[in-house]
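A.B. asks: Encoded as structure tokens, here's the structure I'll be asking about.
What follows is calculated from the coordinates using simple rules that are stated; it is not laboratory data. In this text, all values refer to a predicted model and were calculated from it rather than measured experimentally. Here the Cβ is made from the backbone with ideal geometry for all residues, glycine too, and neighbour counts use every protein chain on show.
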């Protein structure tokens with residue numbers, strides 16, 4: 001053994017707190033004169049890869065955060081789990097993750113995306129049966145797309161946009177495949193067709209509406225009002241309605257009776273007050289007390 005050195009590595013959080021491992025790793029040296037490497041360090045794989053600052057399980061957790069959400073959302077979620085990282089680290093781990101083999105594809109989807117908006121474009125290939133992105137191409141040229149399609153002779157259907165490049169590539173590399181438009185471009189085609197149709201018949205529609213507005217309205221031509229149909233109430237509903245109506249009528253009668261009684265009492269009090277005032281006014285001055 002030659003010597004020791006210290007390594008620090010971040011590990012999964014415990015109880016919501018970050019964990020930092022301090023490892024004392026051994027160094028070995030070789031006495032063979034023909035050996036090109038004289039010093040060897042102790043390896044901790046697969047727990048900790050060489051030159052790594054995080055353990056393998058923490059790296060897998062950070063990669064899962066990025067794949068399940070996104071880079072910045074993964075950073076926010078990691079803080080709640082006690083994992084401190086950055087969106088650049090998440091993106092780097094996602095980009096270094098191994099890709100799954102393409103396998104056989106029978107229904108292929110083609111569409112473009114932009115590396116730089118309006119300047120540089122690439123091609124995304126999707127397995128329409130599994131709804132998974134299977135590959136990315138650096139451009140959308142006919143040669144690049146046709147070379148990829150030609151390596152998969154099992155393709156039977158190709159869903160693409162309205163561009164001529166993808167149509168030419170599909171016709172060249174997979175003439176047996178049926179080309180169809182994707183849902184977005186089908187809806188766009190329908191919208192364009194409807195817009196052209198409305199633009200062509202709009203003057204006729206406007207003139208027809210103007211003629212109808214100028215025609216006099218005949219009383220007999222008016223359609224009878226539509227009556228709202230309601231189902232016949234059941235006996236239980238009728239009984240409940242009658243009971244509530246009787247309760248409201250009883251409360252109304254009580255309120256009217258109380259109002260009448262108060263009015264009568266007010267009238268009696270007013271007349272008694274007037275009688276007393278009149279008696280005081282007619283009595284002699286010496287008899288007033």
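A.B. asks: Tell me whether the chain comes out rounded, prolate or oblate; compute the Cα gyration tensor, take square roots of the eigenvalues as a ≥ b ≥ c, and use a/c under 1.5 as the rounded threshold.
C.D. replies: oblate
A.B. asks: If contacts are Cα pairs under 8 angstrom and at least 6 residues apart, what is the relative contact order of the stretch 1-80 in percent?
C.D. replies: 24
A.B. asks: For an R0 of 30 angstrom, estimate the FRET efficiency from the Cβ-Cβ distance between residue 64 and residue 5 and round to the nearest 0.05.
C.D. replies: Working from the Cβ atoms, E equals 0.45.
A.B. asks: In addition: If one takes the longest principal axis of the Cα atoms in the chain, at what angle in degrees, from 0 to 90 and to the nearest 10, does the Cα axis of helix 235-282 lie?
C.D. replies: 50
A.B. asks: Given the DSSP H assignment, sum -39500 (n - 2.57) over each helix run of at least 4 residues in the chain and divide by its residue total; what's the result at 222 nm in deg cm²/dmol, nearest 500?
C.D. replies: -15500 deg cm²/dmol
A.B. asks: What angle do you read, to the nearest 10 degrees and between 0 and 90, between the alpha-carbon axis of helix 56-68 and the longest principal axis of the chain?
C.D. replies: Here the helix axis deviates by roughly 50 degrees.
A.B. asks: Arrange 61, 95 by Cβ neighbour counts within 10 Å, fewest through most, would you?
C.D. replies: 95, 61
A.B. asks: Given the chain, what percent of its DSSP beta bridges are antiparallel, to the nearest 5?
C.D. replies: 75
A.B. asks: While we're on this one: Among 85-91, 114-120, how do they line up by average Cβ neighbours within 10 Å per residue, starting with the highest?
C.D. replies: Averaged packing, sorted descending, gives the order 85-91, 114-120.
A.B. asks: Then there is this: Roughly what would the spin-label model give for residue 185 and residue 56, points 7 Å off Cα along C-beta, in nm?
C.D. replies: 4.5
A.B. asks: Using R₀ = 22 Å, calculate the FRET efficiency as 1/(1 + (r/R₀)^6) where r is the Cβ-Cβ separation of residue 17 and residue 92; round to 0.05.
C.D. replies: The value I calculate is 0.30.
A.B. asks: May I ask you to derive the relative contact order of the stretch 107-185, considering only C-alpha pairs under 8 Å and at least 6 residues apart, and to give it as an integer percent?
C.D. replies: Relative contact order comes out at 27 percent.
A.B. asks: Is the stretch 3-96 best put as rounded, prolate or oblate by its Cα gyration tensor, with a ≥ b ≥ c the root eigenvalues, rounded for a/c under 1.5, and otherwise prolate when a/b is larger than b/c, oblate when not?
C.D. replies: It comes out prolate by the Cα gyration axes.
A.B. asks: Could I ask something else about it? With the contact rule set at Cα under 8 Å and sequence spacing of 6 or more, what percent relative contact order holds for the chain?
C.D. replies: Across the chain, relative contact order equals 8 percent.
A.B. asks: Further, regarding this structure: Please report 62, 94 as a ranked list, fewest other C-beta atoms within 10 angstrom at the top and most at the bottom.
C.D. replies: 94, 62
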